[in-house]
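Input: a single structure, listed below in structure tokens.
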Amino acid sequence: MLHPYFPDHGDESYRVGHYDLTLDYRLASNRLDGIARLTVIPVEPLDRLTLDLGVFRVAQVLLGGERLPHTHRDGKLRITPGRSLPPGEPVTVEVRYSGTPRPVRSHWGGLGWEELTDGALVASQPTGAPSWFPCNDRPGDKATYRISVTAGAPYQVVANGRLVSRRRAASGTTWVYEQDEPMATYLASIQIGRYQRVELPGPVPQHLAFPARLAARVRHDFGRQAQMLAAFTERFGPYPFGAYTVVVVDDELEIPIEAQGVSVFGVNHVDGRRRHERLVAHELAHQWYGNSLTLADWRDIWLHEGFAAYAEWLWSEDSGGDHADEHARRWHRRLSDLPQDLVLTDPGPDRIFDDRVYKRGALTLHALRRTLGDAVFFPMLRDWTTAHRHGVVTTAGFAGHVQRYASRPLDTFLWTWLQGSRLPLLP
């Protein structure tokens, strides 16, 4: 089955259980040498395996130590195993590749691996993962990861999961991370820069990595993150990962970047006055909605962005700012003045990041909160994140979950907010 928004990415004839990535990156020349070992599990008999991979030179592909014939063009690495791979039987496919990582072209510009003034970052949402490793690039295919990166000694490397080792050698420093919880390809990330690291106190380990000159501003602007995490834990349930890392790069970014267990902010998002604290809340909330609970299909992106946008309003409410009611009324007025041509659960591939998806998604949740009442709404959210922890979610699944907590049928309410194009009135 091809996904309607990005049919050229991903393949449902197999899934990947684990990615083992060994990468050597030279910043001066922007050259990446990689060895990717994928544990592939066929869903149906496979006579050919197709991976998503950008503009690299593929030196060889191996299966069980045997070299396999392959072709690589137009972002697709097509591999012929030599025998039909039976369903359910895991095999390890090794791809050796090298070249200059380049962002994947998209409606929003380049996605994926990007050079910084002094370093590199990865921002893959929604289709940029093939810019740096061969993968099955669809959000519903979540896997565990081991990511090893060798970079120049002056640089820090941040990736998803636990830092399990750091080894120095003449060629540079090798950083090894292990991501034990299943992760979508677009959330896999590497951040490389000259960073200072500090730890924040709180209910889970929180790491900050930033240019040393920004230390005072960063410490202030993220100074309430521990309280934020505690508030969201109460609202949404336990934090879903072992730690949380924030990276502040020494370049301006249009928007912060979401990755699993990691959020990345630009220097323009840090001013020492917490003027961008709503973005801190937004990115933290994605660890529940987007990273632990990941959409099966990009049409349902409101399940990520609507929830994270609503978390901004909840943090405002919890931290002494405007109540979510005030934010809802204000945004309802604004959206009422905009074209009424967007369906929340099918906005179109070019509009998945339309601000109306974010704010109408948040309004949908606030309308649901008003309908159910706080005593029911927040336990419903906690049960949603618990039931689908580290899993894949759909709008239909959320609607069915909500209905179990309602005292009356909500079919009309849910259809109007989720499927209708005209913005409903707030309850």
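Points to keep in mind about this one:
- Label selected from [x] 63, 53, 36; [y] 75, 50, 46; [z] 98, 48, 40, the criterion being Cα extents along the principal axes in Å as computed here: [x]
- Highest GNM mean-square fluctuation among Ile255, Ile41, Ile192, for the chain modelled with Cα contacts below 10 Å: Ile255.
- This model, with +1 at the C-beta of Lys and Arg and -1 at the C-beta of Asp and Glu, gives the chain a dipole about its Cα centre of some 520 debye.
- Cα-based shape type of segment 196-287, given that a ≥ b ≥ c are square roots of the gyration tensor eigenvalues and the cut on a/c is 1.5: prolate
- Formal net charge of residues neighbouring Tyr177 (Cβ-Cβ distance under 12 Å; K, R +1; D, E -1): 0
- Sorted ascending by nearby beta carbons within 10 Å, beginning with the fewest, Val95, Val43 become Val43, Val95.
- Charge sum, other residues only, whose C-beta stays under 15 Å from Glu94's C-beta, Lys/Arg counted +1 and Asp/Glu -1: +1
- Summed residue charge, Cβ within 9 Å of Arg162's Cβ, Lys/Arg positive, Asp/Glu negative: -2
- The chain - mean residue ellipticity at 222 nm from DSSP helices (-39,500 (n - 2.57) per run, n ≥ 4, rounded to 500): -8000 deg cm²/dmol
- By the combined test of axial Cα extent (at least 27 Å) and Kyte-Doolittle hydropathy (mean at least 1.0), none of the DSSP H helices of the chain qualifies.
Coordinate-derived values only; no laboratory data. Keep in mind that what you see is a predicted model, and the values were worked out from it rather than measured. Neighbour counts are summed over all protein chains in view; Cβ atoms, including those assigned to glycine, are modelled from backbone coordinates with ideal geometry.
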